[in-house]
Structure formats: structure tokens, C-alpha cells
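Structure first, then comments.
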Amino acid sequence: MCFSYSSFSQQVISSAGNTSEADGYILSWTIGEGVISTVGSTETELTQGFHQPLIVDVIPTSIEKNLLLEIKAFPNPTYDKVMFEGGDPVGTYHVRVVDKLGRVLEQKTLPFSDLTLEMKKYNNGSYIIEVIEDKTGKRKIFNIIKSQR
């Protein structure tokens, strides 16, 4: 059984399933998807079967570029920790770690000198890390993969 949620509708053909919406959340589930295949071109890829998360890469507008924090996170994928490079070396940063279900796992405020996230305590998987510079409000969101060594 697979659970996912998104703010956009998707179509799934399966032997059983349902979609319901409440309080701004959409819950979809399916059972018994028997056919799985992937087709694509250089620009587009379509994976059929199993719930696929909707991932949209958005090119920032000129206004959004002014709000984008110039900072990098590495290594990715990581086993033990994520470090950051760039930004204001004397600034203060708000950091939030969110799992793919939208649960906030960690939230803290750190000076740049301590801007490192320990990832050993998390299960293998993909996490969203949001970093916001306190002084300017500029932000950057990273998709970090936690893997085994």
C-alpha cells in the first residue's frame, strides 16, 4: 500500500484505490499496480505504475532571485553530516529539516560558524533542508539524500 499527497491531481489506474481531501490535504492510495514501465525523451520522462511524487523545478523570477540565499550544501548524498558554504560568515541562520511526509524533524537557529547538520540520527532517504538568513530573510531549500556509508 502506498500513501502520498500533493496539491495537484494525478491519474492512477490500479485494481483498487481512492482519493479523499480534508483540511487542505489530499490522501491517495492504491493497491495492486501490476504494470510498471518508463518511457521518455531528452526533456521528459514518464514512469507508469506506483505513485510517483510530483516534482516541479521552477526557474526563479528576477524578484525571487533577490530572495535566494547564495549558499551550497555538501556532500549530497551524505552519511553523517551536511555542511554549508557561502552566505554571510558572521550571520545567523534558521534551519529546518523536513521529511517527505512534511513532518518537521528539526528546527534551530545557528550562527554560521556552527552551520552543520548531523544526519546520522535519520533513516536513509530524502530530506528537505531549508536555510533562512536571519538578517535578510533570504532562503534556500535543499533536497538532501541520507544514505548508508
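Points worth noting:
- Residues satisfying the stated conditions in the range 124-149, i.e. touching a residue at least 60 places away in the same chain (Cβ under 8 Å) and among the basic types (Lys, Arg): 138, 139, 140, 146, 149
- Of residues in the range 94-147 being under 23 Å from residue 67 (Cα atoms) and hydroxyl-bearing (Ser, Thr, Tyr), the one nearest to the chain's Cα centre (by Cα): 127
- Screening the range 61-123 for strands (runs of 3 or more DSSP E) wholly inside it with 3 or more residues that are in contact (Cβ under 8 Å) with a residue 24 or more places away in the chain and either surrounded by 14 or more Cβ atoms within 10 Å (Cβ to Cβ) or in contact with an Asp or Glu (Cβ under 9 Å, 6 or more places away or on another chain) (or both) returns the ranges 81-86, 92-99.
None of the figures in this text is laboratory data; all of them are computed from the coordinates on show. Keep in mind that what you see is a predicted model, and the values were worked out from it rather than measured. Methodologically, a virtual Cβ is constructed for each residue, glycine included, from the backbone with ideal geometry; neighbour enumeration extends over all protein chains shown.
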